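Heads up, the thing below is written out as structure tokens.
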Amino acid sequence: MRLTTAQALVRFLAAQWTERDGVEQRLIEGCFGIFGHGNVAGIGQALAEQGAGLDDALPYYLARNEQAMVHTAVAYARTRDRLATFACTTSIGPGATNLVTGAALATINRLPVLLLPGDVFATRAAGTVLQELEDPRSHDVTVNDCLRPVSRFFDRIDRPEQLPAALMAAMRVLSDPAETGAVTLALPQDVQAEAADWPEELFARRVWHVARPVPEPAALERAVRMLRASRRPLIVAGGGVKYSGACADLLEFAVRHGVPVAETQAGKGAVPYDHPCAAGAIGHTGTAAAVALARDADLVIGVGTRYTDFTTASRTLFGGARFLNVNVAAFDAAKHAGEMLVADARQALRALDPGDWCADPAWTGRAQELARGWQRVTDTAYAGQELTQPVLLGLVNAAARGGVVVNAAGSMPGDLHRLWRADDPGQYHVEYGYSCMGYEIAGGLGVKLAAPEREVFVLVGDGSYLMMAQEIATAAQEGVKLVVVLVDNGGFASIGALSEAVGAARLGTAYRSRGGSGHLDGDPLPTDLALNAASLGADVLTAADPGSFRQALEKAVAATRTTVIHATTVPGGGPAAQAWWDVPVAEVSGLAPVRAARERYAAAKRDQRLYL
Ligand SMILES: Cc1ncc(C[n+]2csc(CCOP(=O)(O)OP(=O)(O)O)c2C)c(N)n1
Ligand SMILES: [Mg+2]
């Protein structure tokens, strides 16, 4: 068939499917895109030619910002357990480099997304083109090379003939649970429009079977021996539990063997919050229950976790524990010198049979008591006369049963991790691998596209909102309804507190105009975020106390259009961190509080373990 490279690419993508557990679904649900001279005549023309409406082979979606469209695609993929995602087409230059942050977020969170940035002419016939980076040392470097380190697969299609092999490699990585992340095919603008003869079988319906690797028998035996030697085991459930659909199996294992389950940010919701096995959130943003258990556990069973510093309290949390790591990626299974059970989480949990082994009943009982204690802490934090952030979260939590909460950065992820009550795995969507300000609204759109039956509650700080709110317009375009709770606390509450703790005096963390002293300590800014949200096409409600906020929530839930609740909160209210986080403090300073902070830092650092 004679087609342009772009037409061939579009036709191919529309025919790709995934299959897991006998269920087939489209791998590439559609294509987000912002057009410029680097893709309009190539991918743009190809999408237009095939129709590009919602009923066409590869539906087209217009976003407002390239970074945001990657967030939307990634949130979609996360909600669909990595079995389906989107492609994202951009122009060359700034359109392409705007993808970098989204790509890093995808790769770090192990979530698939296909990026199709335009690239400068392969022929170079036109000379230096608009938006081209000129590298005096080499003519084959372009700005798209920024995407290499943040992509799990990167290729540049300099000749049409290169496309089929690149596409096959791209699909393999997108559908491989162990390797997935951002996949980038850089497409020189001339090659996109160039025609070639393609074999028809390139466009045949193709199914990518998403593997559920089973554990090696010898590794299983080693794992069983480890379990049977343990009296105080603790499961750390990460995002892999959810992606594998292993939540029920995890719970069954935990119940049968009396093992408490702690959850990372990505794993939160794997176990219903009020289940007797639930120990709650673990790590720096964890509950007192999970943190106490982590300190005393003799065995940590990590399932689908990357062990980030928030989870491990920067490697100070797990006292003398050994690690048994179930992970589909050997890279993650090997962490903390753990015994590696490289397998799909569900397969591993089904195969892992330590017989009648049970945790010490006193340990299981203590875990339950600690977890009940934390429920009382949550009740207290959620109750209050003023609209503190925890009170606000409690009201959203009550309204959101069955819905999804979406968040990413600021002070909310910590409060959410510690306090939020999730009844099922789909209810909690906090992007904390990259903790990217600006993910929230774009991500919420992706969640809603993937799960239209659920009410989606986007929680966004004023800082995050000001970074990337424009996808409200995209939600309006798509007729997608979001409930956006915009938490206005006058700047960066999270970094403000951290700044104070490390002796940086809250510099640059409040939204203030430049005052008479020359510092940013003048009047609050004249910004009006409620007006801003309305201007983007949302209905807007405002609240500054618990009563009006509850009413606004009721209205927003009943509404059919995207509704932004602009909520002004007062500081305080939440429980403190239960475990450490390593943020270095200045080693020398003329200020006594900084020297004191450094002393505390040095003391905490002594607990940092090297896992060998
Ligand atoms: C893109 C990006 N830039 C910077 C940061 C560092 N950072 C983390 S939280 C934060 C402030 C967030 O402010 P806001 O959204 O208002 O939340 P709050 O801290 O007030 O809860 C900053 C600057 C980040 N996570 N992401
Ligand atoms: Mg803020």
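The values are calculated or read from the model by the stated rules, or taken from the named source; none is laboratory data. All figures in this text were calculated on a predicted structure; none of them were measured in a lab. We place every Cβ from the backbone using ideal geometry, glycine too, and count neighbours over all the protein chains shown. For accessibility, only protein heavy atoms count, side chains too; no ligands or nucleic acids. Shrake-Rupley method; radii C 1.70, N 1.55, O 1.52, S 1.80 Å.
Brief remarks follow.
- Residues of the range 516-560 satisfying the condition of being over 30 Å from the mean Cα position of the chain (by Cα) and small (G, A, S): G516, S517, G518, G522, G547, S548
- Residue, most open to solvent (accessible area, probe 1.4 Å), within the range 258-282, restricted to residues that are assigned to a loop (DSSP other than H, G, I, E, B) and farther than 20 Å from V406 by Cα: D274
- Residue check, P390 open to solvent by 30 Å² or more (accessible area, probe 1.4 Å) and over 23 Å from A104 (Cα atoms): no
- The residues listed here are D424, D462; of these, the one that is touching a residue at least 24 places away in the same chain (Cβ under 8 Å), of a type in the set (D, E) and away from ligand 1 (no atom under 16 Å from the Cβ) is D424.
- Cβ pairs under 6 Å, 6+ apart, first in the range 322-342 and at pLDDT 95 or above, second among the β-branched types (V, I, T) and crowded, with 17+ Cβ neighbours inside 10 Å: F323/V300; L324/I301; V326/V303; A330/V342; A333/V342; L341/V326
- Selection from the range 431-477 of residues that are acidic (D, E) and touching a strand residue (DSSP E or B) at 6+ places or on another chain (Cβ under 6 Å): E440, D462
- Filter pass, G573 being in contact with a helix residue (DSSP H, G or I) (Cβ under 7 Å, 6 or more places away or on another chain), modelled with pLDDT under 95 and more than 16 Å from ligand 1 (Cβ to nearest atom): no
- In the range 377-393, the residues that are touching a residue at least 40 places away in the same chain (Cβ under 8 Å) reach residues that are within 16 Å of ligand 2 (Cβ to nearest atom) and of a type in the set (D, E) with C-beta atoms within less than 6 angstrom, at least six apart or across chains, in these pairs: Q389/D415; P390/D415; L393/D415.
- Within the range 154-170, considering residues that are closer than 25 Å to R110 by Cα and in contact with an Asp or Glu (Cβ under 8 Å, 6 or more places away or on another chain), the one surrounded by the fewest Cβ atoms within 10 Å (Cβ to Cβ): A169
- For the condition at pLDDT 95 or above and more than 16 Å from ligand 1 (Cβ to nearest atom), A409 does not qualify.
- Condition check for G463 on (1) of a type in the set (G, A, S); (2) within 16 Å of ligand 2 (Cβ to nearest atom); (3) closer than 17 Å to L536 by Cβ: one failure, at (3).
- All positions within the range 303-317 that are of a type outside the set (S, T, N, Q) and either modelled with pLDDT under 95 or open to solvent by 10 Å² or more (accessible area, probe 1.4 Å) (or both): G304, R306, Y307, D309, F310, R315
- If you filter the range 473-494 down to residues that are surrounded by 23 or more Cβ atoms within 10 Å (Cβ to Cβ) and either away from ligand 1 (no atom under 16 Å from the Cβ) or at pLDDT below 95 (or both), you find that the one that is farthest from L449 (Cα to Cα) is V483.
- Here S517 meets the list (1) open to solvent by 70 Å² or more (accessible area, probe 1.4 Å); (2) polar (S, T, N, Q); (3) at pLDDT 95 or above almost entirely, failing just condition (3).
- Condition met for A493 (of a type in the set (A, V, I, L, M, F, W, C), within 30 Å of A586 (Cα to Cα), without any contact (Cβ under 8 Å) to a residue 60 or more places away in the chain and within 16 Å of ligand 2 (Cβ to nearest atom)): no
- Segments classed as strands (runs of 3 or more DSSP E), wholly inside the range 171-230, with at least 1 members that are basic (K, R), in contact (Cβ under 8 Å) with a residue 60 or more places away in the chain and open to solvent by 10 Å² or more (accessible area, probe 1.4 Å): 206-209
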